[in-house]
Amino acid sequence: MINKIGIIGAGQMGNGIAHVCALGGYDVILSDLDQSQLDKAIKTIEGNMGRQMNRGVVTEEQMSAAMSHISTVIGLDGFGDVDLAIEAASEVEDVKRAIYADLCPILKPEAIIATNTSSISVTRLAATTDRPEKFMGMHFMNPVPVMKLVELIRGIATGEDTFREVRELTIALNKQPANAEDFPAFIVNRILLPMINEAVYTLYEGVGSVEAIDISMRLGANHPMGPLQLADFIGLDTCLSVMQVLYEGLADTKYRPCPLLVKYVEAGWLGRKANRGFYDYSGEVPVPTR
């Protein structure tokens, strides 16, 4: 039975997961290595819940109750009694492995670990822990409070009880679970990221400008936002990481990351979070950078 949830990583995904878990009535402990990141996360959660309250999605009482369910911690103090630990750290395998090495000795034996990885092998990550049968992927979509889907990924060793408990939690959070097999990038990113990468190639080869590409996909394919705008929203470093996982994991040249995407990441132009990517976000209106 899952009652208390620990979330590791207070970034964009971690604070969103904390938001929906707290609204669902679960006790949440949000962990990071940086107090300023934790403070920023709480401010973000309050702001996002405030917008939900203004739209009538939640009441003031629900917001107040949800915020009271969230506590923050530097490191992993307090994780000894969590029923589920959700790792929402950077999409870097070595970072995740290091977290599990610190986490596993602290957790109670029956605790489940879920990773929010968007592309890395769940089986491989599970094998680095002391409980592969209690480990699985729980991939929330961004922005978490808005997006309804959660991809559930079983590793080769994931137990049926673990999968059932996490699926029941997903439904209790008012999310729609989708079962995905443990292959590189799972379902959503296996389809979405090659499209974004192809849009970057289209820009790289001079077929269209940033503006022309995004307008074409919005108005020609009825997408809510253009692929380059979406890449900036996701983070170009994350886009590149997923493409590298696909390229290395499937050994198919169609997944080769576009050199222009690599160049933007090398420049630190990571999208919205860096105030610059395929668009410059320093002014009131985003301006294409190419």
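Any chance you could count how many residues in region 172-208 are part of a helix (DSSP H, G or I) and either assigned by TED's automatic domain parsing to the domain that holds Ile234 or under 18 Å from the mean Cα position of the chain (by Cα) (or both)?
Going through region 172-208 one residue at a time, the tally reaches 17.
Quick one: in region 149-178, of everything that is touching a residue at least 40 places away in the same chain (Cβ under 8 Å) and in contact with a Gly (Cβ under 7 Å, 6 or more places away or on another chain), which residue is surrounded by the most Cβ atoms within 10 Å (Cβ to Cβ)?
If we take residues in region 149-178 being touching a residue at least 40 places away in the same chain (Cβ under 8 Å) and in contact with a Gly (Cβ under 7 Å, 6 or more places away or on another chain), then Leu173 is surrounded by the most Cβ atoms within 10 Å (Cβ to Cβ).
Can you tell me which residue within region 180-221, out of those that are exposed (fewer than 15 other Cβ atoms within 10 Å of the Cβ) and among the β-branched types (Val, Ile, Thr), is nearest to Ser119 (Cα to Cα)?
Among residues in region 180-221 that are exposed (fewer than 15 other Cβ atoms within 10 Å of the Cβ) and among the β-branched types (Val, Ile, Thr), the one nearest to Ser119 (Cα to Cα) is Ile191.
Return yes when Leu236 is crowded, with 22+ Cβ neighbours inside 10 Å and not assigned by TED's automatic domain parsing to the domain that holds Val144 and no when it is not.
yes
Within region 44-159, considering only strands (runs of 3 or more DSSP E) that don't extend past its boundaries, which have at least 1 residues that are under 26 Å from Glu248 (Cα atoms)? Before you say what the answer is, go through the steps one by one.
Numbers: elements: 70-74, 84-87, 112-115, 135-140, 149-154.
Because the criterion is at least 1 residues that are under 26 Å from Glu248 (Cα atoms), the strands (runs of 3 or more DSSP E) in region 44-159 that meet it are 84-87, 112-115, 135-140, 149-154.
Identify, please: which residue in region 209-218 is touching a strand residue (DSSP E or B) at 6+ places or on another chain (Cβ under 8 Å) and part of a helix (DSSP H, G or I) and is, among those, nearest to Cys258 (Cα to Cα)?
Val210
Being among the β-branched types (Val, Ile, Thr), surrounded by fewer than 18 Cβ atoms within 10 Å (Cβ to Cβ) and within 17 Å of Glu198 (Cβ to Cβ) is the filter here, so list the residues in region 239-290 that pass it.
Thr253, Val262 - these are the residues of region 239-290 that are among the β-branched types (Val, Ile, Thr), surrounded by fewer than 18 Cβ atoms within 10 Å (Cβ to Cβ) and within 17 Å of Glu198 (Cβ to Cβ).
Would you mention how many residues in region 265-290 are under 18 Å from Gly226 (Cα atoms) and not in a loop (DSSP other than H, G, I, E, B)?
The qualifying residues number 8.
Give the number of residues within region 232-264 that are assigned to a loop (DSSP other than H, G, I, E, B) and of a type in the set (A, V, I, L, M). Even if it seems obvious, please write down each step before you answer.
Residues of region 232-264 that are assigned to a loop (DSSP other than H, G, I, E, B), as a first pass: 235, 251-252, 256-258.
This time we only want the ones that are of a type in the set (A, V, I, L, M), so: 251.
Count: 1.
So which of Val73, Val95 is surrounded by 14 or more Cβ atoms within 10 Å (Cβ to Cβ) and either in the same structural domain as Arg167 (by TED's automatic domain parsing) or at negative phi (or both)?
Result: Val73 is the single residue among Val73, Val95 that is surrounded by 14 or more Cβ atoms within 10 Å (Cβ to Cβ) and either in the same structural domain as Arg167 (by TED's automatic domain parsing) or at negative phi (or both).
Taking only region 76-92 into account, find how many residues are farther than 19 Å from Ile120 by Cβ and either surrounded by fewer than 18 Cβ atoms within 10 Å (Cβ to Cβ) or touching a Phe, Trp or Tyr at 6+ places or on another chain (Cβ under 6 Å) (or both).
Of the residues in region 76-92, 4 are farther than 19 Å from Ile120 by Cβ and either surrounded by fewer than 18 Cβ atoms within 10 Å (Cβ to Cβ) or touching a Phe, Trp or Tyr at 6+ places or on another chain (Cβ under 6 Å) (or both).
Is there any pair linking a residue in region 117-132 that is closer than 19 Å to Thr238 by Cβ to one that is crowded, with 19+ Cβ neighbours inside 10 Å and of a type in the set (Ser, Thr, Tyr), with Cβ under 8 Å and at least six apart or on different chains, and which?
Ser118/Thr238; Ser119/Ser241; Val122/Thr115; Val122/Thr158; Leu125/Tyr100; Leu125/Thr115; Leu125/Thr117
Specify which of the listed residues (Arg272, Arg290, Arg276) is touching a residue at least 12 places away in the same chain (Cβ under 8 Å) and more than 24 Å from the chain's Cα centre (by Cα).
Selected residue: Arg290, the only one of Arg272, Arg290, Arg276 that is touching a residue at least 12 places away in the same chain (Cβ under 8 Å) and more than 24 Å from the chain's Cα centre (by Cα).
The values are calculated or read from the model by the stated rules, or taken from the named source; none is laboratory data. If you're wondering where the values come from, they're calculated on a predicted model, not measured in any experiment. Using ideal geometry, Cβ is built from the backbone for each residue, glycine included, and neighbour counts are taken over all protein chains shown.
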